[in-house]
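Visitor: Quick one: this structure, given as structure tokens, is what I'll be asking you about.
Quick note: the coordinates plus some simple rules give every number you see, no bench work behind them. In this text, all values refer to a predicted model and were calculated from it rather than measured experimentally. Heads up, the Cβs are rebuilt from the backbone with ideal geometry, glycines too, and the neighbour counts pull from every protein chain shown.
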Amino acid sequence: MRFPKFQSLTIILLLASRGISSAPTLGPDVVPFVVISSPIFSLRHVNVIDGTGAAPVADQSVTIINGRIAAISSAAAPLPIGTEVHDYRGYTVFPGLVGMHDHLYYSASNALQRGSGKILEPGTLFAEIAYTAPRLYLAAGVTTLRTTGSIEPYTDLKVRSRVQAGLMPGPNLDLTAPYLEGPGTPFAQMHELSSAQEARHFVDFWSDSGMTSFKAYMHITRAELAAAAREAHARGFKITGHLCSVTWPEAVEAGIDNLEHGPVFTDTEIVAGKRTDECPDVQAARLAWLDEPIHGARVSALIRLLVSHHVAVTSTLAIREVSIPGGPAPQRRVLEAMSPGARESYLTERAMLDPNLGSIAVLLRKEMDFERAFVAAGGLLLAGPDPTGMGGVLPGYGDQRQVELLVEAGFSPLDAIHIATQNGARFLQLENDIGTLAAGKRADLVLVKGDPAARIEDIENVEIVFKDGVGYDSGKLIESVRGQVGIR
């Protein structure tokens, strides 16, 4: 809803304050990054992308009162007396990104851990980056995210509480519990379930501890997944999955709400000789997908199943792209953010990519085609980068690249932004508050130089990120973590 002019400041103030709790006082570790904090201000002469997929509107004023969007109107319209005005000709605002496959940990030393060619005991280890990750996410325009799997759950809980208290900069966090995983996991920091009853108790325990989402992993059984899904739903929470032992149709039957990465990389139903509740060889699963037509009968039936059961799919194209031999060179900003050890690890792994893995590029294109077909059929597509793998995908930067890759997949820039904003808010049941720009909604928005609707790469030109109506300097946040991603 847009107001052509401010006919009643009283009405707008009531609208802006509706449902608002008192904002926390920002602490000394947050204040240095704040550049706009007035209770009443307006961003004038901006282009507005509202996140719904609608065409941008040029030369607008976005007026914020007490942390809420009070109005989006023509830049020529009068503003309330006392409004702090900021002119941004040549800039665009769009909703804060809602990252749906993000983490507060990172694979900082893969090359060192796998240098022998095998996974050493006790298994692969990840580094929690509770200091750098929240800052990078916010700097890149991610104002809300789901962690989609936890390695250090008590650290994640503390980060959320500190961010909510205004003691550290970062996005609003929907925290996913530790992975619901079974025996056979290669990851040292994951618990292994032994029964469906334990899966149910696991969900109970982490729900009581403050987690708000759940994720099933590669070696879970159908019974364990079904038990976890029932318990999560009874608690009012949702469950997603990066699966292997359980196929996508089996997961739908078990009651899953969301599936990660797309079927081309995680649905094992087409693997010849697939055994119930067993994860087949991952490479064999991928090779099986090389010959599977996206518009064939089997995939079309899978899409109908997902849509009819309202199961969302999370696109994570960014994590797949970095595994392509000879793929795009890493951006300088990405390398500069890494710690020296993390940078060396990533570049070593990149140099060691097997040229025969060119099939990854083919599979990535297939996954892109699936995602377009899924959306065309009415499916809810979400977006997130999954900053793990070889270490080439970083928090925040990866979220931006994920949006760019959706455009490479064939979505329009406006549709890609819609997927990365409104769709995530819808899945998290926050659509009435975030995900689009409209009067009355929370002032979570991103100010970038340029026009992402015309050139999606402009999504990287972030100047200020507003969360709850407070404007944070993106450049200062980035500078504060330079050379530290991987060690803190």
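Visitor: In the chain, if the dipole is taken from +1 on Lys/Arg beta carbons and -1 on Asp/Glu beta carbons about the Cα centre, which of A383, I456, N66 is farthest to the positive end?
Guide: N66
Visitor: Given charges of +1 on the Cβ of Lys and Arg and -1 on the Cβ of Asp and Glu, with all other atoms neutral, how large is the dipole of the chain about its Cα centre, in debye to the nearest 20?
Guide: So the dipole magnitude of the chain works out to roughly 920 debye.
Visitor: Report the gain in length on full extension from E121 to L287: 0.36 nm times residue separation, minus Cα-Cα distance, nm rounded to one decimal.
Guide: Separation in residues times 0.36 nm, less the Cα-Cα distance, equals 56.9 nm.
Visitor: Assuming R0 = 41 Å, what is the FRET efficiency of A58 and H295, from their Cβ-Cβ distance, to the nearest 0.05?
Guide: In this case the efficiency is close to 0.60.
Visitor: Pick out, from G396, F126, V163, the residue whose Cα sits farthest towards the positive end of the charge dipole of the chain, with +1 on the Cβ of Lys and Arg and -1 on the Cβ of Asp and Glu.
Guide: V163
Visitor: Holding the Cα-Cα limit at 29 Å, pick out from K238/K449; K366/K476; K215/K274; K238/K274; K118/K274; K238/K467 the pairs that are longer than that.
Guide: K238/K449; K366/K476
Visitor: For H233 and A76, what is the calculated FRET efficiency with R₀ set at 51 Å and r taken between the beta-carbons, to the nearest 0.05?
Guide: 0.55
Visitor: Can you work out ³J(HN,Hα) from phi for every residue in the stretch 474-488, in order, using Karplus 6.51 cos²θ - 1.76 cosθ + 1.60 and θ = phi - 60°, giving whole Hz and x for Gly and Pro?
Guide: For the stretch 474-488, the Karplus curve yields 4, x, 5, 4, 5, 4, 6, 10, 3, x, 10, 5, x, 10, 7 Hz.
Visitor: Cut-off is 10 Å between beta-carbons; in what order do L347, L112 appear when sorted fewest neighbours first?
Guide: L112, L347
Visitor: Give me the one-decimal nm value for the distance between modelled label points at L335 and K476, 7 Å along each residue's Cα-to-Cβ direction.
Guide: 2.9
Visitor: OK, next. Collect residues whose amide H, placed 1.01 Å from N in the peptide plane, falls under 5 Å from the amide H of R68; neighbours closer than 5 in sequence don't count.
Guide: Those qualifying (amide H under 5 Å, at least 5 residues apart or on another chain) are A443.
Visitor: Projected onto the charge dipole of the chain (+1 at Lys/Arg Cβ, -1 at Asp/Glu Cβ, origin at the Cα centre), which of I270, A329, L302 gives the Cα projection farthest towards the positive end?
Guide: A329
Visitor: With a Förster radius of 35 Å, plug the Cβ-Cβ distance of Y154 and V307 into 1/(1 + (r/R0)^6) and report the FRET value to the nearest 0.05.
Guide: 0.40
Visitor: Report the extension gain between F187 and T348 in nm, rounded to one decimal, defined as 0.36 nm multiplied by the number of residues separating them, less their alpha carbon distance.
Guide: The span from F187 to T348 would gain 55.9 nm if fully extended.
Visitor: Using Cβ counts within 10 Å as a stand-in for footprinting exposure, how do M368, M338 rank, fewest first?
Guide: M368, M338
Visitor: In deg cm²/dmol, rounded to 500, what helix-only [θ] at 222 nm does the chain give when every DSSP H run of at least 4 residues adds -39500 (n - 2.57) and the total is split over its residues?
Guide: -9500 deg cm²/dmol
Visitor: Can I ask one more? Provide the per-residue ³J(HN,Hα) series for the stretch 81-97, in order, calculated from phi with Karplus coefficients 6.51, -1.76, 1.60 and θ = phi - 60°, each as a whole number of Hz, with x at glycine and proline positions.
Guide: 4, x, 5, 7, 9, 10, 8, 9, 4, x, 10, 10, 10, 8, x, x, 5
Visitor: Continuing with the same structure: Please give every one of the aspartates and glutamates within straight-line cross-link reach of K441, meaning a C-alpha to C-alpha distance under 12 Å, and leave out same-chain neighbours fewer than 8 residues apart.
Guide: D50, E431, D433, D468
Visitor: How high is the relative contact order of the stretch 304-432? Use alpha-carbon pairs under 8 Å, at least six apart in sequence, and give a whole percent.
Guide: Taking the mean separation of contacting Cα pairs over the length of the stretch 304-432, I get 35 percent.
Visitor: Still on this model: Taking the Cβ of each residue in H101, H219, H191 as the centre, tally the other Cβ atoms inside 10 Å and list the residues starting with the fewest.
Guide: The order, fewest Cβ neighbours first, is H191, H219, H101.
Visitor: Which whole-number percent is the relative contact order of the chain (Cα, under 8 Å, 6+ apart)?
Guide: With pairs under 8 Å counted, the relative contact order is 22 percent.
Visitor: Let me ask you something else. Fully extended, how many nm does the chain gain between D87 and E253 (0.36 nm per residue separation, minus their Cα-Cα distance)?
Guide: Difference between extended and current length: 54.5 nm.
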